[in-house]
Amino acid sequence: MSRTLFSPLGSSQLGAILWAKQRIVRHTLASVQRESKLKVAFVSISAVALWLGIFLLSWSGFGLLGGMSEQALGVGALRLSDLVMARLLSVFALALFVMLIFSNVLIAYSTLYRSREVTHQLQSPITTATFFLGRFYECVTFSSWASAFLGSPVLLAYGLETGAPPVFYLALVAFYLPFVTIPAALGSLITVIVVRVVVAVKGSRLHRGVWLGLAGVLLLALLGFFRGRIEVPSFVETPSLQAVVETLGRTQSPFLPSFWVSQGLLGTATGDLGAGLFHWLLLVSNALFLVWLATLAAERWFYAGWTALGDGAGVRRARNGRGILDRFDAFLRPLPPPVRSLVSKDFKLFWRDPAQWSQFVLFFGIMALYVANIRGARSFTHDESWRALGTLLNLGAAMLILASLTTRFIYPLVSLEGRRFWIIGLAPVTLRQIMWQKFWLSVGSTSVFTVSLAVLSGWQLGLDRTAFALSVAGIVATTFALSGLAVGLGSLYPNFEEENPARIVSGLGGTLNFLLSMLFIALIGAGQAAVLLWGRLAAFVGEDAYPWVVATAVAWMIVLTAVTCLVPLRLGLANLERAEF
Amino acid sequence: MTVMIQTRGLAKRFGPKTAVQPLDLDVAEGEFFCFLGPNGAGKTTTIKMLTGLRRPSGGSALLGGHDIQRDPISAKQLLGYIPDHPFLYERLTGRELMRFVAGLYSLPEETFEQSCDDLLETFELSHAADQLVETYSHGMRQKLSFASCFLHQPRIVVVDEPWVGLDPKNIRSVKTYLRDKTRQGLTVFMSTHSLQIAEELADRIGIIHRGRLLHVGTVDEIKSLASAAAGSLEDVFLQLTREAEEEE
């Protein structure tokens, strides 16, 4: 009997898909050799430094906890530190689990419905189940590498600090795959169902307003639900370790995969292999069940949803001048015509790609929800040092979100002009104008959210004038700097061949952009911290130095922003002017 | 006569707009059928319904007797499809892409080895077989999509405007290849704007306009529908579509 291609990999079709992906990864890694050595070195060193930084921070954190008194808890043999660390592990796993579900919904949508590979694969005699599993594998890979990178130093530090046996490190690997599979399966399941429901709603005769109303009611109900549940941790009010343990304990539920992971890993770390094996089997069986369920859902609803989404392209959009975006164009009238056209085009492309704007909404939505609830923490609003710390943390979080958004959305903008460069290349617009348009688009669109968050946070925490002004100025400066960096590096390292923004970002240039953004945030954050945490700093440098510290922080912010914004823009422009299209 | 492509009442609506009106069509085994129509006439939508990439609003499409909606796997085993803008994996080599496609069609190892080399040679890609697709010119990509389409020896090939990016020499060799294959029993359903090629290759022609199939027949039959002044197929095509517009 003749041997079918890829048969050792199970289904020959699934084997072919996995084989092709493996070849693509191999060729992509080989292509790194053609990149600038300096860029590769910087990204590699930064990645290693980031990993080591997380490791050392976690290690010292766990070390601090490990040194705590046994008597504080007063429960006999069980050490308080062990309990706190166990609870932290559980919280960490829960946070990772929730983030993975969100990211998997977005990844599944673009992988299952938007990718051009879908059409290519579906024209072959491939079953929906095989197709789905091939794409699902990609979802798991895409969504999990970052969690492996960020999670491994924390867990290694935990193992080293607690003196875990070697089996613990093996368990880390064994638990990882089923753990990331569960949110990937849930994300795919949610996506397949949502797409099917949305296309059914679109095709139904019920008025669109009714559906929008129902969606609005659902959203409000969800917000109400979460608002009642987001409580400020009691350890903020009464900073005792007992309260820490109690608060962290609220995240524990025996029905959550994050609980199974933390309990299983704890079991292996403490030598209770039975508990480890039990939780691992629980995780694996649930992962397999959910993959089966998601495959079943895909077999039933994927094709109808996918074809209906394709049909949507044939439906006429709102008549000229009557759509939301056409009305938005009215606000752009003060801009000169070529720039207005470019801004309008970028907004329309962004708006018509739900995979893009949903991430934007998600990031800022979560942040806004958190900031809106912060007033509940009396210590944050009444205690000076807690207030300063809270402000600094809020600013840092807003800046980090901004960094991920400028990297994700602004960095690829120039690359995305690639195959259409002839349109704007022939128009009476200079490259300088195009770059500045992207820059102002980024500043204009993101500052609405970042400045609102900074103002809301400062208002909620009741900051004094100086701290309030400095924190708002800091976020404005960061918006300018990170926008300039993203547009500049996006022009310096454009990828005109790729049409998928997520893939453009995943290259070395995108990674470099994110790492430099982080570096900027750390540097500008140091200046902000000097002013906001003045209460603690004054003891070292004297009360009289306050005006000088504020002036230095402002000067530092201006210089840093100017350099981070203008240097990449200049280099990017020079690169585009040299390029041939 | 064995009917390889059969549509009955095949129709497509996008919301209130009708893209393809109920279409009844039979294409026989070994026939070269050309689908002509102006831009936006419904050619690509029809092709996508034939290949199962779009769900019809009504009616059915049978390939070799298998309903593309109810029994897609059996229908697609017989089918090869070359879209107007084929998707190719940029970071695979030409040979790797062929191997991947062969895997999707569950080809045996030895069949693949033999067919792959033959097809790469036929389409003059042997020299670039081990280069990444991202280095290929537009014409080479088009030829690679042809080569990969014929790997599993389909009995029906649906081609959507295949001449984009091909130079005259390659157009000639692709025409010859398709013609030879139809003589061996392959059924070709081709959408094109090139009336000259349609006149040269087609056993029968179908003219579609605004989603409605206006006429089906041999080149001579189609020509006879127009007035005596209309000489070439191009003249006839323009006259027939103009008349259809005037009727509406």
Would you give the gap between the C-alpha center of segment A:417-483 and the C-alpha center of segment A:498-527, rounded to a whole Å? 15 Å
Cα pair distances in the protein assembly as shown, grouped into 10 Å bins until the bin that holds the longest one, percent each: 2, 10, 18, 22, 20, 13, 8, 4, 2, 0, 0
Where the only charges are on Cβ atoms (+1 Lys, Arg; -1 Asp, Glu), what is the dipole of chain B about its Cα centre, to the nearest 20 debye? 740 debye
Extended-chain gain in nm, criterion 0.36 nm per residue less alpha-carbon gap, A:Phe255 and A:Leu335: 23.3 nm
Kirkwood-based Rg to Rh ratio, chain B, C-alpha trace: 0.98
Rounding to the nearest 20 debye, state how big the charge dipole of segment B:86-153 is about its Cα centre with +1 on each Lys and Arg Cβ and -1 on each Asp and Glu Cβ. 300 debye
Packing-based order for B:131-143, A:129-141, using average beta carbon neighbours within 10 Å, highest first: A:129-141, B:131-143
Note the per residue figure in Å³ for the convex hull of the C-alpha positions in segment B:172-227. 94 Å³
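Expected output is a single nm value to one decimal: the length gained when fully extending between A:Asp272 and A:Leu349, i.e. 0.36 nm times separation in residues minus the C-alpha distance. What is it?
Stretched out fully, the A:Asp272 to A:Leu349 stretch lengthens by 22.3 nm.
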Dipole of the protein assembly as shown, positive end: most advanced residue of B:Ser224, B:Ser173, A:Met557 [Cβ charges, Cα centre]: A:Met557
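Quick one: which of B:149-155, B:182-188 comes out on top by average Cβ neighbours within 10 Å, and what's the full order, highest first?
B:149-155, B:182-188
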Number of partner chain Cβ atoms within 10 Å, mean per residue of A:189-201: 0
Rh by Kirkwood over Cα pairs, then Stokes-Einstein D for segment A:476-554 at 1.306 mPa s and 10 °C, µm²/s: 107 µm²/s
Averaged over every viewing direction, what's the projected area of the C-alpha convex hull for segment A:16-72? Give it in nm², one decimal, please. 6.9 nm²
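Note down, for segment A:333-581, the three equivalent ellipsoid semi-axes (square root of 5 times each alpha carbon gyration tensor eigenvalue), biggest first, whole angstrom. Write down the numbers at each step before the final one.
Values: eigenvalues 261, 76, 43 Å².
After scaling each eigenvalue by five and taking roots: 36, 20, 15 Å.
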Trypsin sites (Lys or Arg not before Pro) within segment A:474-579: which are DSSP loop residues with at most 16 other Cβ atoms inside 10 Å? none
Beta bridges per DSSP with both ends in the protein assembly as shown, % antiparallel, nearest 5: 55 percent
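Counting partner chain Cβ atoms within 10 Å of every residue's Cβ in B:108-115, what's the average? Write out the running numbers ahead of the final one.
Working: counts 7, 6, 3, 3, 2, 1, 0, 0.
Partner-chain Cβ atoms within 10 Å, mean over residues of B:108-115: 3.
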Considering every Cα-Cα pair within segment B:70-177, what fraction, in whole percent, is farther apart than 17 Å? 51 percent
Averaged across the residues of B:85-92, what count of C-beta atoms belonging to other chains lies within 10 Å of each residue's C-beta? 5
Hey, rough spin-label estimate for B:Glu134 and A:Leu57, points 7 angstrom out along Cα→Cβ, what's it come to in nanometres? 3.3 nm
Förster-model FRET efficiency, 22 Å R0, A:Leu537 and A:Ile558, C-beta, rounded to 0.05: 0.55
With each run of n ≥ 4 DSSP H residues scored as -39500 (n - 2.57), what mean residue ellipticity at 222 nm is computed for the protein assembly as shown after dividing by its residue count and rounding to the nearest 500 deg cm²/dmol? -22500 deg cm²/dmol
Dipole moment magnitude, nearest 20 debye, the protein assembly as shown about Cα centre, only Lys, Arg, Asp, Glu C-beta charged: 1560 debye
For the protein assembly as shown, build the charge dipole from Cβ charges (+1 Lys, Arg; -1 Asp, Glu) around the Cα centre, then report which of A:Phe409, A:Ser491, B:Thr2 sits farthest towards its positive end. A:Phe409
Once Rh is set to the Kirkwood radius over Cα pairs, what Stokes-Einstein translational diffusion coefficient, in µm²/s, holds for segment B:129-248 at a temperature of 25 °C and a viscosity of 0.890 mPa s? 151 µm²/s
In the protein assembly as shown, with Lys and Arg counted as +1 and Asp and Glu as -1 at Cβ, which of these residues, A:Ser452, A:Ile24, B:His138, has the Cα nearest the positive end of the dipole, that is, farthest along it? A:Ser452
Quick one: work out the % antiparallel among DSSP beta bridges in segment B:93-225, nearest 5. 55 percent
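Taking 0.36 nm per residue of sequence separation and subtracting the Cα-Cα distance, how much length would be gained by fully extending the chain between B:Val3 and B:Asp235, in nm to one decimal? Could the numbers behind the result be given before it?
Working: separation 232, 0.36 × 232 = 83.52 nm, distance 3.07 nm.
Roughly 80.5 nm would be gained on extension.
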Please work out the C-alpha center-to-center distance from segment B:150-190 to segment A:134-178 and express it in whole Å. 51 Å
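Hey, got a sec? Which chymotrypsin sites (Phe, Trp or Tyr not before Pro) in segment A:511-551 land in a DSSP loop and have at most 16 other Cβ atoms within 10 Å? Provide the component values of the computation, followed by the final result.
Details: sites: A:Phe514, A:Phe520, A:Trp534, A:Phe540, A:Trp548; in loops: none.
In loop regions of segment A:511-551 (DSSP not H, G, I, E or B), there are no sparsely surrounded chymotrypsin sites (Phe, Trp or Tyr not before Pro).
All of the numbers you see were taken from the coordinates with simple rules; none came from a lab. None of the values given here were measured: they were computed from a predicted structure. A quick note on method: Cβ atoms are made from the backbone with ideal geometry, for glycine too, and the neighbour counts reach across all protein chains shown.
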